[in-house]
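Read the structure below first, then the notes.
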Amino acid sequence: MRVLFVFIDGVGYGPAGEQNPVCPEVCPTLCALMDKAPHLDACLGIPGLPQSATGQATLYTGVNAAQVMGRHKEGFPGPTLCKLLQEDNLFIEARRRGLRVCFADAYFADAPEELASRRFKSVTTIMSLTAPETLRFQKDMLAGRAVVHDITRAVLVPKGYTGPLVTPEEAAGHLLTVAAENDLTLFEYFLTDTAGHSQNRERAEGVLRTLDAFLKEVVAGRPDDTLLVVTSDHGNIEDLSTRGHTFNQVPLIAVGPREDEIRAGAASLMDVMPRLLRVLG
């Protein structure tokens, strides 16, 4: 059995209304998946709005990172969270089990050393650098063996990219190809969070439509032996009335073999990693 883990930054459950673009008219596939999913607590018992660094570190370690920090940490992880991630994480544990692991996002770089030298690194980058063979780069993207974080590659054009763009459906095919070659594949999409911060309804809808077309094809093309898991780190885009994150719960979507084991009893971000490892064996 294989696991395809899709992380979507900044998507929670919110009441219907003009402030909430996460609706069937904009993203029917995502909404249908969320309707069947358990709701996870992203606050983790710590006062204040949930944030990306501690939320993602919690997802990938199973440890309450906000509790470790004594607060919710936004943006890029500092020394405490880096240490937590470097000591143990989803990729380290999967590789200890002899599993093939891949981070399917293509970096606009050529080697792990280039990423390691960057001053600011995301939670996922830090986790992936603990297992550099999991990383994918430009050459992998051009070969259809990686997906850019915006799905279509359009985000690379201002950086000097002159290659072909892809549709969300084509990108989904690339991700499924990668997932077929690995036991655990992770793809990260964070434009939902940046669109939520913008409070721009048109921008948010555009991001959600791209994501939805991508997810629709991933769900339709998922092989019978592949479990698709989708979750988030905190709410945001579901409430455009505020520029910040929300206290809303987030979905834990599971489609495929042993999906019930992922969903059953799940209550917070801390429950995701242990369930993934359990079904991976």
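The values are calculated or read from the model by the stated rules, or taken from the named source; none is laboratory data. This one's a predicted model, so the numbers in the text were calculated from it and none came from an experiment. Neighbour counts run over all protein chains shown; Cβ positions are idealised from the backbone, glycine included.
Here is how the numbers come out for the structure above:
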item: Where a residue in segment 148-177 is within 15 Å of Leu215 (Cβ to Cβ) and without any contact (Cβ under 8 Å) to a residue 24 or more places away in the chain and its partner, wherever it lies, is among the polar types (S, T, N, Q) and surrounded by 17 or more Cβ atoms within 10 Å (Cβ to Cβ), with Cβ under 6 Å and at least six apart; result: none
item: Residue match in segment 53-62 (condition: at pLDDT below 95 and of a type in the set (Phe, Trp, Tyr)); result: no
item: 2 or more residues modelled with pLDDT of 95 or more: qualifying helices (runs of 4 or more DSSP H) within segment 104-193; result: 123-129, 138-142, 168-180
item: Enumeration of residues in segment 194-236 that are assigned to a helix (DSSP H, G or I) and acidic (Asp, Glu); result: Glu202, Glu205, Asp212, Glu217
item: Any hit, segment 19-40, residues being closer than 22 Å to Arg119 by Cβ and outside any helix (DSSP H, G or I); result: no
item: Pick from segment 19-34, criterion free of Cβ contacts under 8 Å to residues at least 12 places away in the same chain and not aliphatic (A, V, I, L, M), ranking: surrounded by the fewest Cβ atoms within 10 Å (Cβ to Cβ); result: Glu25
item: Condition check for Arg71: at pLDDT 95 or above, of a type outside the set (A, V, I, L, M) and either surrounded by fewer than 17 Cβ atoms within 10 Å (Cβ to Cβ) or under 20 Å from the mean Cα position of the chain (by Cα) (or both); result: yes
item: Residue in segment 199-250 that is surrounded by the most Cβ atoms within 10 Å (Cβ to Cβ), counting only those that are within 18 Å of the chain's Cα centre (by Cα) and among the acidic types (Asp, Glu); result: Asp233
item: Residue match in segment 76-98 (condition: basic (Lys, Arg) and touching a strand residue (DSSP E or B) at 6+ places or on another chain (Cβ under 7 Å)); result: yes
item: Selection count where residues are over 19 Å from Leu40 (Cβ atoms) and either among the β-branched types (Val, Ile, Thr) or assigned to a helix (DSSP H, G or I) (or both), scope segment 70-103; result: 16
